[in-house]
Amino acid sequence: MKSCLEFQSQFVDAFYNELNTSQQQALIRHLEQCESCRIEFNHLQTVLKLASNRTRPEPNPEFIDNLWERLAPRLQASTHNWLNNLKSWWHQRNFSGMIPAWSYRVVGVVAIFLIGVWVGYLYFKPESTLINNQTTPSKAASTVPLNQTALKSQALDYIERSKILLLGFVNYEPLSNNNVRLDLTYQQKISRELIGEAAVLKPQLTGAEHLRLLELISDLEIILLQITNYEKEFDLPAIELISSGVENQALLLKINIEEMKLATQLEPAAVKKPREKPIKL
Amino acid sequence: MRNANEHSLIQQIQTGNQAAFRELVEKYKTRIYYFAYDLCGNPQDAEDLTQDVFIKTYRSIHQFRMEANFLAWIYRITLNTFIDQKRKKSFWLLKFNLDDQDAEKSIPEPVDTSHWGNPESQAEATLIQKQLDQALNQLSPKERSAFVLRHYHDQSIKEIVEIMSLSEGTVKSLIFRAIKKLQKSLSFYKNEFGTECVE
């Protein structure tokens with residue numbers, strides 16, 4: 001025995017004559033017996049009768065007769081749209097039938113994943129890789145951890161070479177030197193090498209004892225970057241800026257102090273002799 | 001035979017023949033306009049919707065599969081375009097706080113329908129038309145679509161299932177809900193419903 005709710009679910013089919021004969025007879029029997037369903041059925045049927053009385057206004061003849069004239073320019077624009085042409089070509093080729101729909105989703109997910117990896121790599125790649133890409137590879141730029149003596153020796157070598165480079169700038173006199181010969185290609189190459197070495201040295205200078213040395217190397221890095229970024233051949237103000245930076249931060253004094261400190265800590269044999277060939281400016 | 005002609009017409013359109021498309025527009029324009037009117041409830045929006053439907057039909061005709069029912073397919077485009085426009089419109093209404101609910105909230109005055117057959121009651125008949133339209137406006141887009149397709153466009157439940165991409169049970173339930181809502185909206189027609197129905 002069906003419930004009232006089940007019969008009510010057949011009302012829509014009954015209104016539009018979509019019930020088969022047996023369903024129709026069962027519904028009629030139920031409506032004869034159940035007063036509430038009968039009232040409900042009659043009311044809803046009346047609503048439909050009322051809704052059937054609704055008339056719609058005739059379409060505006062100006063619109064309906066000239067519809068094609070309105071559509072034609074838009075269709076023309078649509079034909080010249082490259083995206084639509086591409087879609088049309090794709091469907092005419094019937095690739096869509098050959099490729100299952102799920103594969104588009106898989107490709108989409110993989111593409112989003114790869115973009116994510118790429119963006120992540122761009123933002124979070126290691127600093128050393130960045131510097132190594134910008135600078136010339138140096139034989140000293142080894143990532144193998146050094147022992148304390150080798151580390152100090154390398155640090156000493158680093159600040160000595162930086163000192164020589166900076167002395168050239170500090171002692172540069174525009175009046176006595178010929179501007180035409182102001183070519184800093186070599187100095188820039190050395191600066192790049194030193195920046196590369198600093199990137200290797202700094203992570204290894206851990207602990208309080210290396211704090212000052214670490215600060216010095218960081219300060220030097222800034223000056224070296226300025227040299228590396230020097231572009232114009234006769235850019236005297238830039239040279240003055242570099243030399244004033246060296247003076248303001250008392251870099252040469254700091255270098256001398258660290259040199260002495262490192263030299264005393266190292267064995268005499270381990271201390272390298274100063275370079276014989278100073279860098280010419 | 002009719003289907004064969006239509007299929008050949010569609011094939012020609014798929015190769016870019018605009019004259020064939022014109023023939024198709026002429027064939028379906030009135031039917032689509034009325035469906036658009038039943039969905040939108042006013043001639044201006046119906047005209048815009050009709051135009052958009054034919055443009056979309058032309059753009060996506062290459063996706064039409066010959067085994068499908070073209071009328072159901074074009075109705076589906078109409079419905080999707082309508083729902084899309086409705087969504088955009090409601091977004092802008094929300095954005096600018098231009099709510100047109102006041103018009104919908106207005107409670108119509110009870111009307112005595114005992115003398116509908118009287119030709120002198122032309123103005124009253126117009127008012128009833130207006131109230132029927134307002135009652136349809138109370139329906140959700142899906143309820144309205146299912147109801148107008150069944151009631152005014154003679155589409156079977158199975159065809160509506162195809163047009164709306166819903167299950168048969170959902171379509172029936174939408175139509176039933178629509179009729180119930182219409183009953184509520186039109187409950188002031190005392191003479192038609194009898195005294196029990198008045199809420």
### Task
Could you tell me whether any residue of the stretch B:85-102 is at pLDDT 55 or above, part of a helix (DSSP H, G or I), polar (S, T, N, Q) and buried (at least 16 other Cβ atoms within 10 Å of the Cβ)?
yes
### Task
Could you list all residues from the stretch B:56-70 that are surrounded by fewer than 18 Cβ atoms within 10 Å (Cβ to Cβ), within 19 Å of the chain's Cα centre (by Cα) and in a helix (DSSP H, G or I)?
B:K56
### Task
Please go through the stretch A:17-27 and pick out each residue that is within 23 Å of B:A146 (Cα to Cα) and buried (at least 16 other Cβ atoms within 10 Å of the Cβ).
A:E18, A:L19
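Out of all the residues in the stretch B:1-35, which are outside any helix (DSSP H, G or I) and more than 10 Å from chain A (Cβ to nearest Cβ)?
Answer for the stretch B:1-35, where residues must be outside any helix (DSSP H, G or I) and more than 10 Å from chain A (Cβ to nearest Cβ): B:M1, B:N17.
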### Task
Would you mention how many residues in the stretch B:109-167 are part of a helix (DSSP H, G or I), over 20 Å from B:Y37 (Cβ atoms) and modelled with pLDDT of 70 or more?
5
### Query
Going by the structure shown, is A:I64 out of contact with any strand residue (DSSP E or B) (no Cβ under 9 Å at 6 or more places or on another chain) and within 7 Å of chain B (Cβ to nearest Cβ)?
yes
### Message
If I ask for residues that are farther than 16 Å from A:V47 by Cα and part of a helix (DSSP H, G or I), which ones from the stretch A:1-17 would you list?
### Response
A:C4, A:L5, A:E6, A:F7
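The values are calculated or read from the model by the stated rules, or taken from the named source; none is laboratory data. Computed from a predicted model, the values in this text were never measured in an experiment. Here Cβ is always computed from backbone atoms with ideal geometry, including for glycine, and neighbour counts include all displayed protein chains.
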